[in-house]
Each structure stands twice: as C-alpha cells, then as structure tokens.
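Written out below as structure tokens is the structure these notes cover.
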Amino acid sequence: LGAFNGNGRNQASDANDDKDIAARLVLTPFKPLDDPWLKGLRVGGAITYGSEKQAFGSLSDPNSGGTFLTVTGSDRARGDRNRLNVEAAWTKGPFKIQGEANWMDVRLARFVAGLPNSTFEDDADFTSYYVEGLWVATGEDASDTYGRRKVAKSFLEGDGCGRIELGLRFARFWVDDSIFDNGFANASRSTPGYDSYTVGGNWWLNPYVRFSINYFRNEFWQPFEVSGRVEDHEQGILTRFQIDF
C-alpha cells in the first residue's frame, strides 16, 4: 500500500495537492501443499486511484519507442484516474506461464478552438493484457524468476554453460473509440490497438551477469502514418547486457 504525489518519476517538485493511492496483493494459496501441480500458482491484483491535472501526452510502445497514439496538443487530464490490474502465474520445474490484464480510466479535457475558456470533457478507457511462457532449457527451477536467478553451473565453471531461458510472449493493447470520436487523438496518426509478438531468451553467465535478445513484431489494427509513411506493422531486435550485484 502506498501514496505518491502523482507528478511522475524523478519529479522533485509537488505542484498540486493531488496524490495517488496504490495497493497490490499477491497470494500463493497452495504453496504449503505437497501437490506439485498447485504449489507453484500465484494470483494477485492491484488498484490505483488518483487525480491528474496536467498535459496528456502521446503513447509509445515500450519495445520500439514508436508512437502509436498521437493526441492533440490541447489534451489535458483533468480529473480522476483509476487503474485496475489482475495477474496470475504458474510454475512447475523449468516451466513458467504468466499473464496480466490492465484497465485504466482517465478524465480528459480538450480545449475548443476559438473558445479559450471552454473545454470538452469525457472519460477515456485503455485496456491491455499479455500472456507469456518461459522454459529454462538448462533445467533450473523456474520459480526463482521472481527473484535472483540460481545458476546450476556458471559459465566457464568446469563444463558449465550458465543458465539459458527461452520465452514467448503475446500482448494486446487497445483504446476506446471515444478517444477518436471526441477528438482527443489524431486518427490518421494513431491506431486504436495493436498486437505484439515476442520471442527471445536470456543467457545468465552467472547469477549476476545476463545477456538477453528478443525479436518483436507489432501488428497495428489500423495502418497509420509514421515518419511520412503509412505502416501496418513494426518489428525489431532488442539486446541487453547487464551486470548487477
């Protein structure tokens, strides 16, 4: 359970009286049991409530960084912002399946052209979910993916090759049509939703060093203008090298 000033990450100033309240609960109800099929089940959920009064920016995909929803320059959040999340995960041996669903409702306002003191307001809804599967090819238990990984034999430790994880992921995001009907977003430079497919893997040389590579492809529900071209998808390869301790 937490309370936050709502100004966003790394914001030192508190420019208004609005605060966000967040709560999250995760349960492992069958962990004490000896049943190997149930003890790895986790379920949970989260809610946040806050009041936002600031400019509402365009939305970008977390993989590519590309903007898929371009809002009008006059959009502002001017009221309650509610978010709901449900989650579940299941592990057994080297396998893990996990998914989440998220809903957000925010009050938006658009300034009416030629009437600087007038605004049009309505709620906008955003929905997303993902499902992913993971296989630890080197045989370690997938339940430790919630914390620091255990590596049976680190790379260059005798005949050790480290820990190898392979995964698949499907994600979907969409917005309510009212965001276009009310003029909050530019339909020619936006898509009402998209599907994202990812395949990739992690190579843990030891518990502190990781190399990751992922291929992703985003399929737009509606082609839209990107850098002067009309596109119906985007794709890319992401890599990461990480050392932590």
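The values are calculated or read from the model by the stated rules, or taken from the named source; none is laboratory data. Nothing here was measured: the structure is a model prediction, and the numbers come from that model. Heads up, the Cβs are rebuilt from the backbone with ideal geometry, glycines too, and the neighbour counts pull from every protein chain shown. Keep in mind that these areas ignore ligands, DNA and RNA; they rest on the heavy atoms of the full protein, side chains included. Shrake-Rupley method; radii C 1.70, N 1.55, O 1.52, S 1.80 Å.
Taking the stretch 45-124 as the region of interest, the strands (runs of 3 or more DSSP E) fully inside it that hold 2 or more residues being charged (D, E, K, R) and more than 30 Å from LYS31 (Cβ to Cβ) are 75-92, 95-111. The single condition among (1) open to solvent by less than 40 Å² (accessible area, probe 1.4 Å); (2) assigned to a loop (DSSP other than H, G, I, E, B); (3) not acidic (Asp, Glu) that ASN202 does not meet is (2). Residue check: LEU84 meets all listed conditions (1) open to solvent by 70 Å² or more (accessible area, probe 1.4 Å); (2) under 26 Å from ASP195 (Cβ atoms); (3) modelled with pLDDT under 90 but one, namely (3). Taking the stated definitions as given, is ARG189 touching a His at 6+ places or on another chain (Cβ under 8 Å), farther than 22 Å from TRP90 by Cβ and open to solvent by 40 Å² or more (accessible area, probe 1.4 Å)? No; evaluated as a whole, the condition is false for this residue. Give the residue that is farthest from SER58 (Cα to Cα), with candidates limited to residues of the stretch 135-164 that are touching a Phe, Trp or Tyr at 6+ places or on another chain (Cβ under 7 Å) and either surrounded by fewer than 18 Cβ atoms within 10 Å (Cβ to Cβ) or not small (Gly, Ala, Ser) (or both). Looking at residues that are touching a Phe, Trp or Tyr at 6+ places or on another chain (Cβ under 7 Å) and either surrounded by fewer than 18 Cβ atoms within 10 Å (Cβ to Cβ) or not small (Gly, Ala, Ser) (or both), I get CYS161.
Looking at TYR129, TYR197, just one residue is open to solvent by 80 Å² or more (accessible area, probe 1.4 Å), in a strand (DSSP E or B) and out of contact with any Asp or Glu (no Cβ under 6 Å at 6 or more places or on another chain), and that residue is TYR197. Hey, any hits in the stretch 29-52 for a residue that's small (Gly, Ala, Ser) and modelled with pLDDT under 90? Checked against the condition, which is being small (Gly, Ala, Ser) and modelled with pLDDT under 90, the stretch 29-52 yields at least one hit. Close Cβ contacts (under 8 Å, 6 or more residues apart or on different chains) running from residues in the stretch 161-180 that are within 10 Å of PHE126 (Cα to Cα) to residues that are modelled with pLDDT of 95 or more and not in a strand (DSSP E or B) are absent.
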